[in-house]
Amino acid sequence: MIVYLLTEKQKNELVGVEFIQDNYYNPIQDFYDNWIISSEEVEQTTNKNYLWVKDLPQIEYKPKQPNEK
Amino acid sequence: MFANRRKTILFSNNNKPKNLFDVDALAFINLAGITSSAEKTAIDNLYKNLKGVGAQNTVHDFYTNLTAFYPFAGGKASSFIYNGKNPSASNPYNLTFAGGVTYSTNGAKFNGTNGFADTFIPQNAMQRNLNGFSVYFIENNARSETQFGHLSRPSFIKTNIGYTALKQWNGADKFSGGVVGTTIYTNINGLTRVNRSTSPNYRVYKNGIQTELVTAASEANTDTTTFTIGSIRLGDTNGTTFYCDKTICYAEISNGHSLSAAQELIYYNCIQQYQTEQGRQV
């Protein structure tokens with residue numbers, strides 16, 4: 001699965017921002033602790049101040065192993 | 001004279017009442033910006049059924065006992081956010097979506113990577129021995145995920161509907177493995193409802209039929225973090241994990257109230273009619 005790679009600064013810029021009305025970006029860390037956002041967030045972005053997400057580098061997603069404990 | 005005019009407006013020529021919208025259904029339709037006549041009818045019938053004045057339910061007032069329910073109608077986030085109970089823009093349990101979610105008339109499709117919705121319903125508000133909650137989704141693919149839930153750590157008090165591969169179930173409110181409890185389900189889609197009606201019984205219903213009875217004492221919980229749909233909330237970090245990849249069509253939580261076995265089936269029939277009228281039933 002393809003996701004979009006963020007720098008720490010870019011991640012901070014997206015926290016608390018809506019990419020469409022009533023849906024906020026949710027940057028998460030992958031297995032390698034890279035900050036990423038999903039293709040759904042990038043594709044639905046229409047806010048002209050954040051169109052830069054469409055130019056983010058794409059990487060293959062490797063999830064962290066979820067841990068309930 | 002004025003009263004008679006009003007009567008003329010409300011009643012048709014053959015003296016039968018016109019098919020008026022339920023007042024709360026109409027409030028929801030207006031708030032969520034629903035324009036499709038099919039969706040309007042489905043929503044109106046949902047409210048009437050939940051209130052005990054519909055085709056599926058003429059007896060039970062489920063509506064009063066709901067804390068929050070999410071009809072997921074209207075095909076967009078700005079329609080899906082609203083709590084159907086006492087619908088208003090300022091309802092404290094209106095949803096906020098985050099991460100990868102796409103929207104259609106089928107419901108909210110979570111991406112299984114980082115998408116979820118916050119209900120703003122805190123875990124510590126839940127009554128320990130009298131509550132219930134449910135979720136309806138379309139896909140039938142089992143994977144390690146949560147569709148609706150909360151997990152307090154390190155106490156590990158878990159209240160969720162979902163499938164995890166951990167198969168841990170160590171006591172009160174700790175549901176995992178299969179969908180809940182210890183059963184591994186072949187068919188996981190449709191309506192799953194967990195209910196706590198009497199201590200120590202947790203009952204699991206799949207499409208209105210009880211499939212599990214799990215016994216456990218409940219535990220006091222002071223965790224103020226909130227339930228999420230499409231993932232599980234982690235109380236210690238306020239983060240989320242075990243994201244689901246399902247299209248969710250309905251979710252509900254009833255705090256301080258439960259349903260009998262007979263009511264569970266009627267409740268399912270109400271929800272199933274709602275999904276069928278929108279062509280998204282399982």
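Name every residue in segment A:3-15 that is within 8 Å of the chain's Cα centre (by Cα) and either without any contact (Cβ under 8 Å) to a residue 24 or more places away in the chain or facing chain B (nearest Cβ under 8 Å) (or both), in order of residue number.
The answer is A:3, and nothing else.
Matching residues to (1) closer than 19 Å to residue B:78 by Cα; (2) touching a residue at least 60 places away in the same chain (Cβ under 8 Å); (3) more than 9 Å from chain B (Cβ to nearest Cβ); (4) not acidic (Asp, Glu):
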| site | (1), (2), (3), (4) |
| --- | --- |
| A:1 | no, yes, no, yes |
| A:17 | yes, no, yes, yes |
| A:27 | no, no, no, yes |
| A:30 | no, no, yes, no |
| A:33 | no, no, yes, no |
| A:46 | yes, no, yes, yes |
| A:49 | no, no, yes, yes |
| A:58 | no, no, yes, yes |
| A:62 | no, no, yes, yes |
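Of everything in segment B:208-246, what is over 19 Å from the mean Cα position of the chain (by Cα), not in a strand (DSSP E or B) and not hydrophobic (A, V, I, L, M, F, W, C)? Give them in sequence order.
Hits for segment B:208-246 are B:218, B:219, B:221, B:222, B:223, B:224, B:235, B:236, B:237, B:238.
Would you confirm, using the coordinates I've provided, whether residue B:158 is in contact with a Leu (Cβ under 6 Å, 6 or more places away or on another chain), modelled with pLDDT under 85 and within 14 Å of chain A (Cβ to nearest Cβ)? Step through it out loud before you land on a result.
Working: in contact with a Leu (Cβ under 6 Å, 6 or more places away or on another chain): yes; modelled with pLDDT under 85: yes; within 14 Å of chain A (Cβ to nearest Cβ): yes.
Yes.
Can you give me the number of residues within segment B:247-282 that are part of a loop (DSSP other than H, G, I, E, B) and at pLDDT below 95?
Within segment B:247-282, residues that are part of a loop (DSSP other than H, G, I, E, B) and at pLDDT below 95 number 3.
Any chance segment B:183-201 includes a residue that's of a type outside the set (Ser, Thr, Tyr), on the phi > 0 side of the Ramachandran plot, modelled with pLDDT of 90 or more and buried (at least 24 other Cβ atoms within 10 Å of the Cβ)?
The answer is no; no qualifying residue exists.
The values are calculated or read from the model by the stated rules, or taken from the named source; none is laboratory data. Predicted model only: the values in this text are computed from it and were never measured. With ideal geometry, Cβ positions are generated from the backbone for all residues, glycine too; neighbour counts draw on all protein chains shown.
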